[in-house]
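Participant: Here's a structure for you.
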Amino acid sequence: MRILLTAVLSLFLIPAVYAADFTGHWVATTHAPDGAVRETSLWLKAEGNAFTGYMSARNQDDATVSEAKISGDDISFSVVRDYYGEARKSSFTGTFVNGGLTLHTPGPNGQRRDLVFKRVSSDPPGPMPAPRAKLKLPAAAPVRYNGLAKTPPMGWNSWNKFRNEVSDKLVRETADAMAGNGMKAAGYQYINIDDTWEAGRDARGNILTNKKFPDMKALADYVHSKGLKLGIYSSPGPKTCADYEGSFKHEEQDAKTFASWGIDYLKYDWCSASLVYDYHSMQAAYAKMGQALLDVGRPIVYGLCQYGLLKSEEWAPAVGGNLWRTTGDISDNWESMSHIGFDQQADMAPYAGPGHWNDPDMLEVGNGGMSDVEYRTHMSLWSLLAAPLLAGNDLRSVPPGVMEILTNKEVIAIDQDRLGKQARRVSKDGDNEVWARPLSDGSYAIGLFNRGTASAKVAVRWKDAGFSGAGAVRDLWAHANLGSSVDTYSADVAPHGVVLLKVRKAGP
């Protein structure tokens, strides 16, 4: 009788326990590497073994919870968002522990991230807020090419290593280092300040620098005195990715300010623009700044950072872009770098050329997450891709092996070849890949890559690279001539490694 009574009671009590423990407003607070504090909210109402509600996250529209289930201490649900015209579903699982909720969220490259939520209110949620009204800009007229970046830009960017720690002092020290450690001599010239330099605006709407940058013009003058150039960062939205001041509705004013400071390069990051612009307006929003930069009369390289959305490679040159991101952010690990470099660039070659470059994101060489073998692969692949070479490590203290990778002039010459033809993947056999590009002197750059975890012999047929007959082979990492080879060439390649060749066709 006791067992039966317990079973009957459980039918009525368990859902009530779940509802009491679960209904309310849950908030996860994270401290991002850029120093910003970010919140993700769940507004939920338990209904037996299911629940309803919505999710609110920074720089994303609110999304209704669906497919929501409770099973013991575990939950699962999905949200569907309109992702630039594509319905994109994200699935989540979570576990209740000690009155809190740990939510397992999908991260980049299939990596899982955990968010820990605390309940800040037990009140059931009201209706999901109405969608934000968004601006829809008229189509913009094409922006004239500015004549810059006839080879891929080379330099340094603060983000990968320093995030919110970038400062006037760091930039000056980095300029000193680049000017004296061989990088300037190897072709690096831009010192680019990424996010977190901004303050608010003055009474006339002029953007201000924060206390980390007391005098941006003086800083630019200092960088220029080293024979280098200074870059800066902003967003078409009201806020940058790190919640600092963006250029929304101040494009012309900010372009004039940047020019008055002596800025030579702008990275323009979409971020919060998705909250104020209809996604059809992306091209026009970028064209506004592209035209504004052109109108100020100062040569400023224009870099679009919009993660490859809406096939940007097809329209970025028409909005004034000298380079455009083709992917999400890179991370300092083999999985991220190889996925971005190999998998996401395979079809991009037709869009690259002098003045206009595909950008698979900045270099991670020297930041410690990969081996020197993997960093040589990283540098080789980016050079074959005619990608911008923007170092992201601490230039004030660079190990000799890392400096050798960053300053290999034979590898850099491939990246900077004036013909501007991006490499194509010409063969793939399991983990073995061959990428090749023609060069302005009639020779070919060829990369033999091993993406596997064991040594492998990788072969290339000259006809796949674009020529036939005999070819004189040079190894660009060994700095060694390897003689002539007819029709084919093969080499033993280390795990995650590369053999990078320059091959000159013999005869007519």
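The values are calculated or read from the model by the stated rules, or taken from the named source; none is laboratory data. In this text the structure is predicted, and so the values were computed from the model without any measurement. Cβ: placed from backbone, ideal geometry, glycine included. Neighbour counts: every protein chain shown.
Participant: Being under 29 Å from the mean Cα position of the chain (by Cα), on the phi < 0 side of the Ramachandran plot and in a loop (DSSP other than H, G, I, E, B) is the filter here, so list the residues in segment 419-453 that pass it.
Facilitator: Result: LEU419, LYS421, GLN422, ALA423, ASP431, LEU439, ARG451, GLY452, THR453.
Participant: Can you spot a residue in segment 200-209 that is in contact with a Lys or Arg (Cβ under 7 Å, 6 or more places away or on another chain) and assigned by TED's automatic domain parsing to the domain that holds SER274?
Facilitator: yes
Participant: Please pick out the residue among ASP215, ASP221, ASP195 that is in contact with a Cys (Cβ under 8 Å, 6 or more places away or on another chain) and either under 20 Å from GLU252 (Cβ atoms) or at pLDDT 95 or above (or both).
Facilitator: ASP195
Participant: Going through segment 380-418 one residue at a time, which ones are in a loop (DSSP other than H, G, I, E, B) and not hydrophobic (A, V, I, L, M, F, W, C)?
Facilitator: Passing the criteria: PRO388, GLY392, ASN393, ASP394, ARG396, SER397, PRO399, THR407, ASN408, GLN416, ASP417, ARG418.
Participant: Restricting attention to segment 67-85, and to residues there that are under 16 Å from PRO106 (Cα atoms) and touching a helix residue (DSSP H, G or I) at 6+ places or on another chain (Cβ under 9 Å), which single residue is surrounded by the most Cβ atoms within 10 Å (Cβ to Cβ)?
Facilitator: The residue in question is ILE75.
Participant: Inside segment 460-508, counting only strands (runs of 3 or more DSSP E) that do not spill past its ends, which hold 1 or more residues that are among the aromatic types (Phe, Trp, Tyr)?
Facilitator: Correct list: 488-493.
Participant: Also, quick follow-up: For segment 187-195, does any single residue satisfy the condition of being more than 30 Å from ALA318 (Cβ to Cβ) and in the same structural domain as ALA255 (by TED's automatic domain parsing)?
Facilitator: no
Participant: Further question: Does ASN393 qualify as being out of contact with any Cys (no Cβ under 9 Å at 6 or more places or on another chain), in contact (Cβ under 8 Å) with a residue 24 or more places away in the chain and assigned by TED's automatic domain parsing to the domain that holds GLY471?
Facilitator: Considered against the rule, which asks whether it is out of contact with any Cys (no Cβ under 9 Å at 6 or more places or on another chain), in contact (Cβ under 8 Å) with a residue 24 or more places away in the chain and assigned by TED's automatic domain parsing to the domain that holds GLY471, ASN393 comes out as no.
Participant: Give me a count of the residues in segment 275-294 that are within 18 Å of GLY355 (Cα to Cα) and either surrounded by fewer than 17 Cβ atoms within 10 Å (Cβ to Cβ) or touching a Phe, Trp or Tyr at 6+ places or on another chain (Cβ under 8 Å) (or both).
Facilitator: Of the residues in segment 275-294, 4 are within 18 Å of GLY355 (Cα to Cα) and either surrounded by fewer than 17 Cβ atoms within 10 Å (Cβ to Cβ) or touching a Phe, Trp or Tyr at 6+ places or on another chain (Cβ under 8 Å) (or both).
Participant: Report, ordered by the first and then the second residue, all pairs with beta carbons closer than 7 Å, sequence separation of six or more or different chains, a first member in segment 461-473 that is assigned by TED's automatic domain parsing to the domain that holds SER485, and a second member that is acidic (Asp, Glu) and exposed (fewer than 14 other Cβ atoms within 10 Å of the Cβ).
Facilitator: So the pair list comes out as ARG461/ASP487; TRP462/ASP487; SER468/ASP487.
Participant: Buried (at least 24 other Cβ atoms within 10 Å of the Cβ), in the same structural domain as GLU173 (by TED's automatic domain parsing), among the aromatic types (Phe, Trp, Tyr) and part of a helix (DSSP H, G or I), is that true of TRP357?
Facilitator: Numbers: buried (at least 24 other Cβ atoms within 10 Å of the Cβ): yes; in the same structural domain as GLU173 (by TED's automatic domain parsing): yes; among the aromatic types (Phe, Trp, Tyr): yes; part of a helix (DSSP H, G or I): no.
So TRP357 does not fit the description; no.
To keep it simple, each residue is scored yes or no on (1) crowded, with 21+ Cβ neighbours inside 10 Å; (2) more than 22 Å from MET337 (Cβ to Cβ); (3) among the hydrophobic types (A, V, I, L, M, F, W, C).
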residue: SER427; (1), (2), (3): no, no, no
residue: GLY447; (1), (2), (3): yes, no, no
residue: ALA470; (1), (2), (3): no, yes, yes
residue: ALA480; (1), (2), (3): no, yes, yes
residue: ALA491; (1), (2), (3): no, no, yes
residue: ARG504; (1), (2), (3): no, yes, no
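Participant: If THR102 meets every condition in (1) among the hydroxyl-bearing types (Ser, Thr, Tyr); (2) in the same structural domain as HIS31 (by TED's automatic domain parsing); (3) within 25 Å of the chain's Cα centre (by Cα) apart from one, which number is that one?
Facilitator: Single failed check for THR102: (3).
Participant: Right, something else. Taking the options VAL411, VAL365, VAL373, VAL398, name whichever one is of a type in the set (A, V, I, L, M) and surrounded by fewer than 18 Cβ atoms within 10 Å (Cβ to Cβ).
Facilitator: Exactly one residue qualifies, and that residue is VAL373.
Rundown of residues vs (1) closer than 24 Å to ARG504 by Cβ; (2) small (Gly, Ala, Ser); (3) touching a strand residue (DSSP E or B) at 6+ places or on another chain (Cβ under 8 Å), yes/no style:
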residue	(1), (2), (3)
ALA349	yes, yes, yes
VAL365	no, no, yes
MET403	no, no, no
THR407	yes, no, no
ASP417	yes, no, yes
